[in-house]
Structures are given as C-alpha cells and as structure tokens.
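Reading through the structure tokens given below for one structure.
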Amino acid sequence: MIHFRVESQAHVLKRSLDPGKHGNIMVVSVKVEGLSAFLEAVENHKGKAIFALFTGSHDAQGKSWCPDCVAADPVVEQCVKGAPEDAVFITCSVGDRAFWKDQNNEFRTHPKLKLTSVPTLIRWETPQRLMEEDCAKSNLVSMLFEED
Amino acid sequence: MAAPIVSFSRNAAFIRGCSQLCRRTKRPLSRTACFSKCSKSLSTSVPVRHDYDLVVIGGGSGGLACSKEAAQLGARVLVLDYVDPSPRGSRWGLGGCCVNVGCIPKKLMHHAALLGHAIHDAKKYGWNVHVDPTIDWSTLTTVVQQHVKSLNWGHRVQLKDKQVDYQNAKGSLVDAHTVRMLSASGQETTVTGNNIVLAVGGRPKYPDIPGAMEYAITSDDLFMLDRPPGKTLVIGASYVSLECAGFLTGLGFPTTVMIRSLPLRGFDRQMADLVTDHMEGSGTRFLRQHVPMAIDKMDNGQLQVVWRDGNGQQGGDTFDTVMMAVGRFANTGTLGLDTVGVEWYSESGKVIGQVENPEQSSVPNIYAIGDILHGRPELTPVAIKAGRLLAHRLFAGTHEHMDYDKVPTTVFTPLEYGSVGLSEEAALERFGSENVEVYHAFYKPLEFYIPERDASQCYVKAVCKLDGDQEIVGLHFLGPNAGEVTQGFAVALRSGLTYQQMVSSVGIHPTCAEEVVKMGITKRSGLDPTVTGC
C-alpha cells in the first residue's frame, strides 16, 4: 500500500466570497494528497460541514491525467463560494492514473468513501455525492454545496 | 373504521431549507410544448403564457415520474413537495412514501428478517453458527435510513439534471391554473401552470379512540424509530399491517396483530388466509374480531391497550409499541379541490377521474395520479406509469392511456404473496362458477427440506375461464421470492396467457416458479393438490 505524504503542511487557503451576497465569509480550502492526509484533514475539521473533491493528481508538468477532473475544476471552484460559511473544502488528489486504476486502492476500499470514479464530489458523511461529468454541471454542484 | 383524525402539528417544520428561489429554466419551449400552449391559446382566444407548462403538486413516485418525463419532452415543469411531519414528529425528504416510509424501507426490513431466518437454516446446512442471531435495531434503522437518504439525494439530482424546478413547499389550488405555494418560512406565493397534476398521495389513518394519536406510531414512524420496538401490537388487517408484523416477528420482537374482520381485504380470500396461517405458525400472535378501545401510557412507559373481542368482552394487554395500520387516507384535504371544482369522493378524499381519460379530473387541465385517484390501485409502479403516460399525452401528443387491468403486486409477508388479475371470488362473481376452472398445487420448496421448514402454506393457483384454451384471469403465488416469480407471469397474463399455453411451457428445475407451469389438479376434481417428488 502506498502512503502519500501531505503535499505541503496541509496548506490552507482562505478565500473571500462574493461580499455582496454572503458578507465576508470565508470557506476554508485544504489541499491534500492521499487517503491518510485526507482523513487527517477531516479529523482536523471535525464538526464542520466538510466537502471533498477527489481528483486525479497532476504530473510534474502540472497536467492532470483525468479530463473529467479538468472539466470539473472551474465549476467546483466557482460553486464552492455558495457553501455554508463555516464549511471546509478539501481537494484530495487520488494519485496517478496507475495508482487510481488499481481496483484495490485505498480510496476504492475505504468504507466511508468507496469511490468508483474521479472526479467525485461529496458532502462528508452524507449520501450526497456527484461523480464524473456531473461534477462539471454547475446546477448540480451548487445544489450539493448550498442545500443540505 | 372510524373517520380518520387528521390534525398534524401546526408548526410543521420543513424537511430541508430550500433557500434557493426557483430558477426558471431558460430553455425555449420545444415544439410539442409550444403546440399545447398554442392550442390552449386558440381555444380560449386569449394568449396566456403561464409560468410553467406543468405544475406538479407532490414529489412522490407518480409526481416525480410525471415531472421528469414532461421536462424531457421539453415542457417547463415545477414540482412541489412538502411533508407534514407525522404526529410523532417523523419527517423525511423528497421521493414520497415509497422511498421514505413504504416499499423501500419495508422491503429492506423484510429482507433483514429473512436473513435472520437464513442464519438458522444455515446451521442445518453445515455452517458453524455459534450464537443465536439477534438484531441490532439501531444498526438496521441507520443503514436503512442511509439508503433512503441516498435515494432522496438521487431524486434531487435527477430533477436538477432534467431541469425540473423543485420547491420544498406545500401547494394548493387557487384557480384552475394558479397554485399557491406555502414556503418553509410561512411565505405565500403563487405560480401558474397550463396543466396541473395532483399527486399528493396518502397518509396513515388513526382510529378515533383515546390515546391513538398520542401514543401510537404508524408506518410513517416505524422505519426510523429511535429505539427497538420491543413487544409490539400492530392494529389493522391491511397489507401494511401484515408486512410490518411479519418482519417485526422475524426480527425477534414479540408481535401481535389485531384484526377487526378480514385480513387483506380485496385480495384472494384463500391466499389471505394462508398468509395469516403462515404468520401464526411463525410466531405472530393474532387477535381476530378484536377492536381497540383505548390506549394509555403507564408509569413505566409501556402502553396499556384495552380492546373488545367478537363477543363484546373487554380485554387488554401491555405493549412497548402500538402501531396503527388501519388504512390510509388521500392527503387531499388542503389542496383546495372545491375552490376550483375538482370532483372528489367525500368518503375517501380521492379525485374522480373521467371515464375516457382516467387521470383527468372534472377540471380539464387538472389531473390526478397515484394514490389519490379514485378506484385505482395504490401502487408505486402504477403511479409512475400513469404519470409518464400522462406527460406523453400532454407534451408529445400521444393517446396511450394507463391500463389499470392485470396489475401485479406482491405482499411482502414472511412468506410472500404475489398476484396478478382476479381473485377466485371476483372471477366466480364475474363469470359464474360454472364458467371458471381453478388449478392449484401445494408444493414444498427444495430448500425447505434440509432445515425442515414448514411448507404447509406454499401454494399456487391459476384462476381460468373454463371454455376453450382456458384463458388465465388470475394467478396467485404464495412462497419465497413471490415478487420475482410473479412479475414474468404478469407479462404473460397481460399477453392473454391461457392455461394450455402455460402447461405446454417447460419448467426450470428445481425452482418454486416451475410449480406454476406444472399445475394439473383442478379444484373441481377434488383431488389432492399436494405436489410430491419432481
């Protein structure tokens, strides 16, 4: 089993949202790589509304192997602005293509994830989940972030 | 049973906050939707453009199917869904009774009970099972509710994806084209629709006895009950009553069913009696010809139930849980049917459909589907099919109507009962006993032999016309997996299956379903219908 290290010290981006609509609300955005880093991030933000996007990792040239992930990125980035004010948004890289395609990889087998495809966007510990091309549909992505 | 008391709590909270205002789909009208609009405009000679082509009140099986189908055909559709919490405070999400408090959680709990039974059988087959299995109610309700919630989410995704607007609001009729929406915060707005579909479904009735509303639960509460039900009394002879009592018994809870008169009214009498015989043999206690008088809560939290038996004698017992399953009422009371002149039956609250157009109400652009349509079966697949066909007639110019004949169904009691077509009684009444031939067989499923399971009620019968090739007008199957067995035969019956065609078919051995095609003994012959050997 490959264990990914946290890319950086779970680097936290604070993003200011459209002040006209939500006031100066910040959604905490966290980027991690690998399952253990993801679970650690979840643990760090226990009690908050946690959203997570599982996405293919980028190569050394910054290119993703997952075209659906590339299509989803701007949509998710836009729609996360509608998330509740105390929400945490974790972007988790699931590794390179070979790692992901291994049917026994930890993202596919973890009982609380059981991922079957990337990108997958979830509201943690709820059945609310969007997969593949649905992650690039802004009406669906907005619904996931905005309505519980 | 006495008239239902309907007085859900007034401060009914919303299930989900739908803070988003509904966003009108920006798509241009498709040609089909435009056509319906134009024809409407021509007929009234006033070019009215309503907010929507279709407003559906009720987001259950029928309403969702109709709204999604209409949107696929290019119509602008709004669906309203709102759940009044049960008197015990149970509440749920989008999808209606089937998904939340009906078919889905029921079938899962029925399956859970069967699994427990299978563990016992497994020992006989050689499995080393060292402890007697017990059910963890909390785990069961948690996994069932998780699945239900994932279905709620799936419905919302589908509505969004198919560009159906959705509001978590309670709808009522203002006029033939205007619907009042009562929002979560109590705000009222109106919306107009060229067509309106009423699909609000039904809710469980409570008998008019002291303590019923205060202390009893219904099927609206059972599947999310926050404690194990314990010793349970289920009141009613409906299929809901028997199914719930069946799986509660199977899960290990001491369960009693109280029945005033006949179990499974409307179903084949012989089959219904076999169903209850099997339940009784499996440990469910039956109080027949009993009616409840009062329920009271004792200091220890248990419920004291007083009843009257068939001889007028009073009796009683204490229970941890009392569940009412005495029938359902159409939830049309707040729809404003009278305001717009939609005709309905005062006894049932159900909307009366037109003879030539079964889902159309007395107001031509207002339709009713599902459990609130008078005289039609209260079944999810019926509502779905009726809703889809209606959408096609409204927005695709088709003329196909729902065929309510030979609709199959299965009662998921511990021994399942599947049926399609007429009961034996109904056939005798319709055709006369001299024109009806009934083939039947008692059989023992192969799997029952090793664990020595009682198969006394495993039974199948075909109700046929006597003349010619003997058209089968009713088929009844009591045994394991009855739903799976009955579905295919329902297709055959709808295609005009005759007894001669059926018995010329080859069975699949060894199965229970093969007993259907092997039936050779008629009731008229008086011969023993017990199947022996292959």
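The values are calculated or read from the model by the stated rules, or taken from the named source; none is laboratory data. None of the values given here were measured: they were computed from a predicted structure. Here the Cβ positions follow ideal geometry from the backbone for every residue, glycine too, while neighbour counts run over all protein chains shown.
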Which residues, taken from region A:39-91, are touching a helix residue (DSSP H, G or I) at 6+ places or on another chain (Cβ under 6 Å) and hydroxyl-bearing (S, T, Y)? A:T55, A:S64
From B:N331, B:N300, which residue is over 25 Å from B:P408 (Cα atoms) and of a type in the set (S, T, N, Q)? B:N300
Kindly establish whether B:A216 is under 16 Å from B:L303 (Cβ atoms), among the small types (G, A, S) and touching a residue at least 24 places away in the same chain (Cβ under 8 Å). yes
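Report, by residue number, each residue of region A:28-57 that is among the charged types (D, E, K, R) and free of Cβ contacts under 8 Å to residues at least 12 places away in the same chain. Spell out the reasoning first.
Filtering region A:28-57 down to residues among the charged types (D, E, K, R) leaves A:31, A:33, A:40, A:43, A:46, A:48.
The answer is A:E43, A:K46.
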Count - residues of region A:95-107 that are within 15 Å of the chain's Cα centre (by Cα) and in a helix (DSSP H, G or I): 1
Report the residue count in region B:497-518 for those that are touching a helix residue (DSSP H, G or I) at 6+ places or on another chain (Cβ under 7 Å) and under 12 Å from B:Y439 (Cα atoms). 4
Say whether the condition of being within 14 Å of chain B (Cβ to nearest Cβ), surrounded by fewer than 18 Cβ atoms within 10 Å (Cβ to Cβ) and not basic (K, R) is met by at least one residue in region A:93-112. yes
If you go through region B:317-334 one residue at a time, do you hit one that is over 30 Å from B:K231 (Cβ atoms), assigned to a loop (DSSP other than H, G, I, E, B) and among the hydrophobic types (A, V, I, L, M, F, W, C)? no
Enumeration of residues in region B:296-341 that are β-branched (V, I, T) and under 16 Å from B:V257 (Cβ atoms): B:V305, B:T321, B:V322, B:V326
Would you mention how many residues in region B:180-198 are closer than 10 Å to B:K170 by Cα and of a type in the set (S, T, N, Q)? 1
Can you find, within region B:154-203, the residue that is nearest to A:R123 (Cα to Cα) among those that are acidic (D, E) and within 14 Å of another protein chain (Cβ to nearest Cβ)? B:D161
Region A:7-83: strands (runs of 3 or more DSSP E) wholly inside it with 1 or more residues that are surrounded by 20 or more Cβ atoms within 10 Å (Cβ to Cβ) and modelled with pLDDT of 95 or more are A:26-33, A:50-55
Within region A:122-132, is even one residue in a helix (DSSP H, G or I), of a type outside the set (F, W, Y), within 14 Å of chain B (Cβ to nearest Cβ) and more than 16 Å from A:L39 (Cα to Cα)? yes
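Each row is one residue, and each column tells you yes or no for (1) in contact with a helix residue (DSSP H, G or I) (Cβ under 7 Å, 6 or more places away or on another chain); (2) part of a loop (DSSP other than H, G, I, E, B); (3) β-branched (V, I, T).
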residue: B:S348; (1), (2), (3): no, yes, no
residue: B:V363; (1), (2), (3): yes, yes, yes
residue: B:Y367; (1), (2), (3): yes, no, no
residue: B:G387; (1), (2), (3): yes, no, no
residue: B:E400; (1), (2), (3): yes, yes, no
residue: B:P414; (1), (2), (3): yes, yes, no
Selection count, region B:441-493, where residues are surrounded by fewer than 17 Cβ atoms within 10 Å (Cβ to Cβ) and among the polar types (S, T, N, Q): 3
Just give me the residues in region B:63-100 being among the small types (G, A, S) and part of a helix (DSSP H, G or I), in sequence order. B:G63, B:A65, B:S67, B:A70, B:A71, B:G96
Per the list (1) within 28 Å of B:H50 (Cβ to Cβ); (2) within 14 Å of chain A (Cβ to nearest Cβ), residue check on B:L151 breaks on (1)
Which one of the conditions (1) under 30 Å from B:V55 (Cα atoms); (2) surrounded by fewer than 22 Cβ atoms within 10 Å (Cβ to Cβ); (3) within 14 Å of another protein chain (Cβ to nearest Cβ) does B:V143 fail to meet, given that it meets all the rest? (1)
Among the small types (G, A, S) and within 19 Å of B:W92 (Cα to Cα): which single residue out of B:G126, B:G154, B:G193, B:G116 fits that description? B:G154
Would it be correct to say that B:T339 is β-branched (V, I, T) and out of contact with any Leu (no Cβ under 9 Å at 6 or more places or on another chain)? no
Check B:C97 against each of (1) away from chain A (no Cβ under 12 Å); (2) surrounded by fewer than 22 Cβ atoms within 10 Å (Cβ to Cβ) and name the one condition it does not meet. (2)
